[in-house]
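Okay, structure first, notes after.
The values are calculated or read from the model by the stated rules, or taken from the named source; none is laboratory data. Remember, predicted model here, so these are calculated numbers, not experimental data. For neighbour counting, all protein chains shown are included, and Cβ atoms are generated from backbone atoms with ideal geometry for every residue, glycine included. Heads up: the accessible areas ignore ligands, DNA and RNA and are worked out on the full protein's heavy atoms, side chains in. Shrake-Rupley method; radii C 1.70, N 1.55, O 1.52, S 1.80 Å.
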Amino acid sequence: MVDKGEVIGIIGCNGAGKSTFLKTIRGLLPRQSGEIKYFGKNIDDYKEKEIAKLVAYLQQDVNIGFGYKGKDIVLAGRYPYLEWWQNESKADNELALACMDYTGTMGLADKPVNEISGGQKQRVLLAKVLAQQTPIMFLDEPTTGLDMVYQEEIFRFIKELSQMGKTIIMIVHELNLAAKYCTRIFLLGEEKILADGSPQEVFTEELLSRAYKTAVQVDENENTGTMEITVKPNINDRDKGRKLLNKICHMS
């Protein structure tokens, strides 16, 4: 059960099934068991455009064809509300520009997307998701390709959206940001949801070490009061790595 306004971070090591989990609850992949409901109605009872008015999905590694400009991509978020013969209205265009302004991409409205950086493209895609105007947003690694300034900014956007009533479920690799901004965490590991709770409940050294299969350290920053999560150095692995590197560097 997910409540309105929650910011849920899906975390876990590579290969834990985070993207598969997100795609499954969106209905893009077949589920193995159980049922998925949106607003009390089974997902199988919705038409695709009906789901698209409820859930916006920002996927990983979006391939965009040559020639599309930033505004074109954002306007694509309006497709659930248009019939195939309809063009975007003046209101649709105004909304698209407002979303681009919010995500700091207004200057990319008329620029071909294949000519911008990965971080810029990611923010254009976030504007597209916003333009879809859904109560629920699924984000698969929304800060991919962004530097630390924009990473923090995206998480602040997400927090603001949740405060306006939107429910956000996203895959997160930046655990320190997840601890700071998420209200709830799904920790995937051992082929299941290993833990489900608040960051304080889930971000323990025992649980994280189990999920990531390495020693994890959790501290509290005395200045900010936020959690800081790091990997504990493994002396044996480090020594082995030095020996291998020394061998590689001296091979003829």
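Summary of computed values
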read-out: Test: residue in the range 191-213 that is outside any helix (DSSP H, G or I) and in contact with a Leu (Cβ under 6 Å, 6 or more places away or on another chain); value: yes
read-out: Number of positions in the range 88-119 that are assigned to a helix (DSSP H, G or I), touching a residue at least 12 places away in the same chain (Cβ under 8 Å) and open to solvent by 60 Å² or more (accessible area, probe 1.4 Å); value: 2
read-out: Cβ-Cβ under 9 Å pairs, at least 6 apart or on other chains, the range 50-63 side farther than 28 Å from Asn114 by Cβ, far side of a type in the set (Gly, Ala, Ser) and surrounded by 16 or more Cβ atoms within 10 Å (Cβ to Cβ); value: Ile51/Gly27
read-out: Only listed residue being at pLDDT below 95, charged (D, E, K, R) and within 18 Å of the chain's Cα centre (by Cα), chosen from Asp44, Asp61; value: Asp61
read-out: Residue within the range 46-61 that is surrounded by 15 or more Cβ atoms within 10 Å (Cβ to Cβ), assigned to a loop (DSSP other than H, G, I, E, B) and in contact with an Asp or Glu (Cβ under 8 Å, 6 or more places away or on another chain) present; value: yes
read-out: Residue match in the range 24-43 (condition: without any contact (Cβ under 8 Å) to a residue 24 or more places away in the chain, charged (D, E, K, R), open to solvent by 30 Å² or more (accessible area, probe 1.4 Å) and in a helix (DSSP H, G or I)); value: no
read-out: Every residue from the range 177-204 that is open to solvent by 70 Å² or more (accessible area, probe 1.4 Å) and closer than 21 Å to Gly225 by Cα; value: Lys180, Gln200, Glu201
read-out: Matching option when the condition is open to solvent by less than 70 Å² (accessible area, probe 1.4 Å) and either under 23 Å from Gly27 (Cβ atoms) or in contact with a His (Cβ under 8 Å, 6 or more places away or on another chain) (or both), among Leu126, Leu146; value: Leu126
read-out: Any hit, the range 35-45, residues being of a type in the set (A, V, I, L, M, F, W, C) and touching a helix residue (DSSP H, G or I) at 6+ places or on another chain (Cβ under 9 Å); value: yes
read-out: Selection from the range 107-120 of residues that are over 11 Å from Asp72 (Cα atoms) and in contact with a Leu (Cβ under 7 Å, 6 or more places away or on another chain); value: Ile116, Gly119, Gln120
read-out: Out of Glu153, Glu228, Glu222, sole residue that is without any contact (Cβ under 8 Å) to a residue 12 or more places away in the chain and either assigned to a helix (DSSP H, G or I) or not β-branched (Val, Ile, Thr) (or both); value: Glu222
read-out: Residue match in the range 75-83 (condition: surrounded by fewer than 17 Cβ atoms within 10 Å (Cβ to Cβ), assigned to a loop (DSSP other than H, G, I, E, B) and out of contact with any strand residue (DSSP E or B) (no Cβ under 7 Å at 6 or more places or on another chain)); value: yes
read-out: Number of the exception - Gln133 against (1) under 26 Å from Ile25 (Cα atoms); (2) under 14 Å from the mean Cα position of the chain (by Cα); (3) open to solvent by 30 Å² or more (accessible area, probe 1.4 Å); (4) not small (Gly, Ala, Ser); value: (2)
read-out: Matching option when the condition is over 18 Å from the mean Cα position of the chain (by Cα) and part of a helix (DSSP H, G or I), among Lys159, Lys243; value: Lys243
read-out: Of all residues in the range 1-20 being surrounded by fewer than 19 Cβ atoms within 10 Å (Cβ to Cβ) and not small (Gly, Ala, Ser), the one that is modelled with the lowest pLDDT; value: Met1
